[in-house]
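Peer 1: Here it is, the structure, as structure tokens.
The values are calculated or read from the model by the stated rules, or taken from the named source; none is laboratory data. The model shown is predicted, which means the values in this text are computed figures rather than measured ones. All Cβ positions, even for glycine, are placed from backbone atoms using ideal geometry, and neighbour counts span all protein chains on display. Surface areas here come from the heavy atoms of the whole protein model, side chains and all, with no ligands, DNA or RNA. Shrake-Rupley method; radii C 1.70, N 1.55, O 1.52, S 1.80 Å.
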Amino acid sequence: TRAGLMLGNLSDAQKNAWLAVMQATLSTEGYNRVIAQWNADDQLAGGSGCCYGTQYYWIAIIGTPSITTPWQWQWGGHHVTINATIAGSNLALYPSFIGVQPGTYTDGSSTVRPLSDIIDEAFALVNSLDSTQQSTAVLGSSPIDLVLGPGKDGKVIASEGLPAAQMTDAQKTAFLQLIGHYTGLANAEDATARLAEIQATLSDTYFAWYGPTTTVSAAYFRVTGPIIVIEYSPQSMGWNAANHIHGIYRDPTNDYGAAWTN
């Protein structure tokens, strides 16, 4: 059950007004990624019945938009959901569901892979690790499902895998770049502040892996730290698992802007 207004029931002017809110909140990279994830849903719409397609996404505003009093907007549907909490000059985009199905599709003459840079860089990072580092980071030979996905608000898990404190400087840079695709969902000002927070706690932030490491295929990774959780999980669809991605982006200390609203 979704709350709010279904996009398919809005006029074009109303849809464009909503997209302008999203554009003001997100970065150009973040907005384009989210729109590409959203458009993927139209690939599933043909013949599949209810609830697949870009029209089956909902928008909701919680509280009254204000420059001082905290408020929220929510937008989402089948495979991508963004929760934005705005409190004065602060922005929290967690928890958000950063997934896609299908992971690769054609838009006109172009091939679109909304999360390709994320998984490509994750594979590059795991393959930059030496054998000792890999033995710490790689926790299983098969991908697993999300641990802190939807419905798991408030659940806390211990960090596992390889801490950034045991990475080389080049690996730390690559690790921070991977994390930056999530912190970089936000507009430039908020993304810069968020990445600085992550960088300050990077030594205590861990990288964990489940699945093969030799080719870019169906593999799961997780980032856990004092103020961040990222999960990327291919779903169990045999050969097509890498084309059906579930993902989560959380801050265990500030989901839904709890640090500013409680």
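Peer 1: Can you pull out the residues in the range 175-191 that are touching an Asp or Glu at 6+ places or on another chain (Cβ under 7 Å), closer than 21 Å to residue 128 by Cα and either in a strand (DSSP E or B) or open to solvent by 10 Å² or more (accessible area, probe 1.4 Å) (or both)?
Peer 2: 177, 181
Peer 1: Looking only at the range 104-115, how many residues end up being among the polar types (S, T, N, Q) and surrounded by 14 or more Cβ atoms within 10 Å (Cβ to Cβ)?
Peer 2: 1
Peer 1: Something else now. All but one of (1) out of contact with any Pro (no Cβ under 8 Å at 6 or more places or on another chain); (2) of a type in the set (Gly, Ala, Ser); (3) over 30 Å from residue 120 (Cα atoms); (4) open to solvent by less than 70 Å² (accessible area, probe 1.4 Å) hold for residue 99; which doesn't?
Peer 2: (3)
Peer 1: Hey, among the residues in the range 61-96 that are outside any strand (DSSP E or B) and among the hydrophobic types (A, V, I, L, M, F, W, C), which one's most open to solvent (accessible area, probe 1.4 Å)?
Peer 2: Result: 67.
Peer 1: Filter the range 217-233 for residues that are in contact with a Ser or Thr (Cβ under 9 Å, 6 or more places away or on another chain) and either at pLDDT below 95 or not in a strand (DSSP E or B) (or both) and give the result.
Peer 2: 218, 219, 226, 227
Peer 1: For the range 4-41, give me each residue that is open to solvent by 70 Å² or more (accessible area, probe 1.4 Å) and not β-branched (Val, Ile, Thr).
Peer 2: Listed by number, the residues that qualify are 5, 9, 12, 13, 14, 16, 23, 24, 29, 32.
Peer 1: Scan 143, 150 and give me the residue that is open to solvent by 80 Å² or more (accessible area, probe 1.4 Å) and in contact (Cβ under 8 Å) with a residue 40 or more places away in the chain.
Peer 2: 150
Peer 1: Could you tell me whether any residue of the range 43-60 is part of a helix (DSSP H, G or I), open to solvent by 70 Å² or more (accessible area, probe 1.4 Å) and closer than 27 Å to residue 105 by Cα?
Peer 2: Yes: the range 43-60 contains one or more residues that are part of a helix (DSSP H, G or I), open to solvent by 70 Å² or more (accessible area, probe 1.4 Å) and closer than 27 Å to residue 105 by Cα.
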